[in-house]
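J.: Let me give you the structure first, and then I'll get to my questions.
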Amino acid sequence: MKSVQIKNSDERYSIGKIVCIGRNYAKHAKELGNKVPEKPVLFLKPASVVIHSGGKVVHPNFSNELHHEVELVLLIGKDVKNASKEEAKGAIIGYGVGLDMTLRDIQKQLRKVGDPWTIAKCFDTSAVISDFTLKEDYKLTFDEIIQLKVNGEIKQSDKLKSMIFNPAELVEYISSVMTLEKGDLIFTGTPSGVSKVIKGDKLEAKLGEVAELICTVV
Ligand code: ZN
């Protein structure tokens, strides 16, 4: 069973499902040639693919284009279904930073024929997460910068303000489709600047003073 570690606490949350949002930053939607969506684009990852900061992303041998996507990750603290905006806000109890590792070449092939993205998004080690900060310990202002470096070079950097749908809107929308449960994670989409990584690369992600992670590709 995979779990989330809370900063400065022994508390742990068993991870349920991971709901991911596509195209939540306009510039990133454009860089992949997609329209800016009217509703959030949803897909899932299983909890079994999660690794923690300090871990290794294993490059699948059936892809030649492994991309990093740095994202704000929300931790859900209570079960919600058809949440109002207020209930949605209240259901989020913590924030972390995560990497939604993506096989871009495989994703493009699957999209071309209209198949689901599962293989491109759900391979083992495709979700890297930091320790989480509880909302009661830190209030997001959305001026925080979310950033990713590869081998020390900044590849992605944007303010959380650039998100099209904010965390409460995402929880409200997702819970209109499926019940969100305590321990579920929401990957909220990536800013522009996604790029290919290869074996040996060192990735460092940071969300303001809220969360940070490192990992290597092997
Ligand atoms: Zn993503």
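The values are calculated or read from the model by the stated rules, or taken from the named source; none is laboratory data. All values derive from a computational prediction rather than experimental measurement. FYI the Cβ positions are ideal-geometry reconstructions off the backbone, even for glycines, and counts take in every protein chain you see. For the accessible areas, the whole protein counts, side chains as well, though only heavy atoms, and no ligand, DNA or RNA atoms are used. Shrake-Rupley method; radii C 1.70, N 1.55, O 1.52, S 1.80 Å.
J.: Yes or no: Y25 surrounded by 14 or more Cβ atoms within 10 Å (Cβ to Cβ), under 20 Å from I146 (Cα atoms) and aromatic (F, W, Y)?
T.: Yes; evaluated as a whole, the condition is true for this residue.
J.: Suppose we keep only residues that are of a type in the set (K, R) and assigned to a loop (DSSP other than H, G, I, E, B) within segment 33-46. Which one would you say is least open to solvent (accessible area, probe 1.4 Å)?
T.: That would be K39.
J.: Okay, moving on. Filter segment 94-124 for residues that are assigned to a strand (DSSP E or B) and out of contact with any Cys (no Cβ under 9 Å at 6 or more places or on another chain) and give the result. It would help to see each step written out before you state the result.
T.: Step one: filter segment 94-124 for residues assigned to a strand (DSSP E or B), giving 94-100, 102-103.
Passing the criteria: G94, Y95, G96, V97, G98, T102, L103.
J.: Okay, next question. Would you mind telling me which numbered condition in (1) touching a strand residue (DSSP E or B) at 6+ places or on another chain (Cβ under 6 Å); (2) more than 16 Å from E169 (Cβ to Cβ); (3) within 16 Å of the ligand (Cβ to nearest atom); (4) among the polar types (S, T, N, Q) N24 fails?
T.: The number of the failed condition is (2).
J.: If a residue must be within 15 Å of the ligand (Cβ to nearest atom) and part of a strand (DSSP E or B), how many such residues does segment 125-136 contain?
T.: Summing the residues that are within 15 Å of the ligand (Cβ to nearest atom) and part of a strand (DSSP E or B) in segment 125-136 gives 3.
J.: Turning to a different aspect of this structure: So which residues in segment 57-81 are touching a helix residue (DSSP H, G or I) at 6+ places or on another chain (Cβ under 7 Å), among the polar types (S, T, N, Q) and open to solvent by 80 Å² or more (accessible area, probe 1.4 Å)?
T.: N64
J.: Residues being among the β-branched types (V, I, T), part of a helix (DSSP H, G or I) and open to solvent by 60 Å² or more (accessible area, probe 1.4 Å): count how many of those fall in segment 140-181. Steps first, please.
T.: Quick first cut of segment 140-181, residues among the β-branched types (V, I, T) only: 141, 145-146, 150, 154, 164, 171, 174, 177, 179.
If we keep only those that are part of a helix (DSSP H, G or I) as well, we get 171, 174, 177.
Right, trim to open to solvent by 60 Å² or more (accessible area, probe 1.4 Å) and you get 177.
Matching residues across segment 140-181 total 1.
J.: Step by step: first the residues of segment 125-139, then only those that are of a type in the set (S, T, Y) and open to solvent by 10 Å² or more (accessible area, probe 1.4 Å), then the one that is farthest from E86 (Cα to Cα). Which residue is that?
T.: Among those residues, the one meeting the criterion is T125.
J.: In segment 66-78, what residues are assigned to a loop (DSSP other than H, G, I, E, B) and within 15 Å of the ligand (Cβ to nearest atom)?
T.: H68, E69
J.: Considering each of V80, V73, V50 in turn, give the residue that is in contact (Cβ under 8 Å) with a residue 60 or more places away in the chain and touching a Phe, Trp or Tyr at 6+ places or on another chain (Cβ under 8 Å).
T.: Going through V80, V73, V50 in turn, the sole match is V73.
J.: On to the next question. So which residues in segment 153-197 are more than 13 Å from E69 (Cα to Cα) and of a type in the set (K, R)?
T.: K159, K161, K182
J.: Continuing with this model, one more query. Would you mind stating whether K30 is touching a helix residue (DSSP H, G or I) at 6+ places or on another chain (Cβ under 8 Å) and either part of a loop (DSSP other than H, G, I, E, B) or closer than 27 Å to N151 by Cβ (or both)?
T.: no
J.: Taking L213 as the residue in question, decide whether it is in contact with a Ser or Thr (Cβ under 6 Å, 6 or more places away or on another chain) and away from the ligand (no atom under 14 Å from the Cβ).
T.: yes
J.: Right, another one. Test N61 against the criterion of being without any contact (Cβ under 8 Å) to a residue 40 or more places away in the chain and over 15 Å from A205 (Cβ atoms), and give yes or no.
T.: When the stated conditions are applied, N61 passes them.
J.: Would segment 176-196 turn up any residue that is within 16 Å of the ligand (Cβ to nearest atom), touching a residue at least 12 places away in the same chain (Cβ under 8 Å) and in contact with a Cys (Cβ under 6 Å, 6 or more places away or on another chain)?
T.: yes
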